[in-house]
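Enquirer: Take a look at this one; I'll ask things after.
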Amino acid sequence: MQERAAAAHGTIVAGPVDGGLFRVHAELPTDERAVNRLNPHAAPPPVALRGM
């Protein structure tokens with residue numbers, strides 16, 4: 001998971017917490033460039049219609 005987060009220029013922290021649980025906190029950019037870095041074969045987003 002850390003490698004995928006780093007590839008998107010994000011961060012991830014994971015570890016045990018009280019009660020035998022496990023917590024994961026991830027911060028990932030949501031801009032188009034980050035998505036394209038993770039999935040370079042994805043289709044481009046549709047072009048917005050102009051003048052409507």
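Enquirer: Would you pick out the residues in the range 1-11 that are part of a helix (DSSP H, G or I) and either of a type in the set (A, V, I, L, M) or in contact (Cβ under 8 Å) with a residue 24 or more places away in the chain (or both)?
Expert: 4, 5, 6, 7
Enquirer: Here is a further query. Whether any residue in the range 12-27 is modelled with pLDDT of 65 or more and in a loop (DSSP other than H, G, I, E, B) is what I want to check. Before the answer, list the steps.
Expert: Narrowing the range 12-27 to residues modelled with pLDDT of 65 or more: 12-27.
With in a loop (DSSP other than H, G, I, E, B) added as a condition, the list becomes none.
Looking through the range 12-27, none of the residues is modelled with pLDDT of 65 or more and in a loop (DSSP other than H, G, I, E, B).
Enquirer: Another question about this same structure. Listed residues 33, 37, 50; which is assigned to a helix (DSSP H, G or I), at pLDDT below 80 and exposed (fewer than 11 other Cβ atoms within 10 Å of the Cβ)? Write out each step before concluding.
Expert: Numbers: 37 fails: exposed (fewer than 11 other Cβ atoms within 10 Å of the Cβ); 50 fails: assigned to a helix (DSSP H, G or I).
From the options 33, 37, 50, the qualifying one is 33.
The values are calculated or read from the model by the stated rules, or taken from the named source; none is laboratory data. Keep in mind that what you see is a predicted model, and the values were worked out from it rather than measured. Note: ideal-geometry Cβ built from the backbone for every residue, glycine included; neighbour counts use all protein chains shown.
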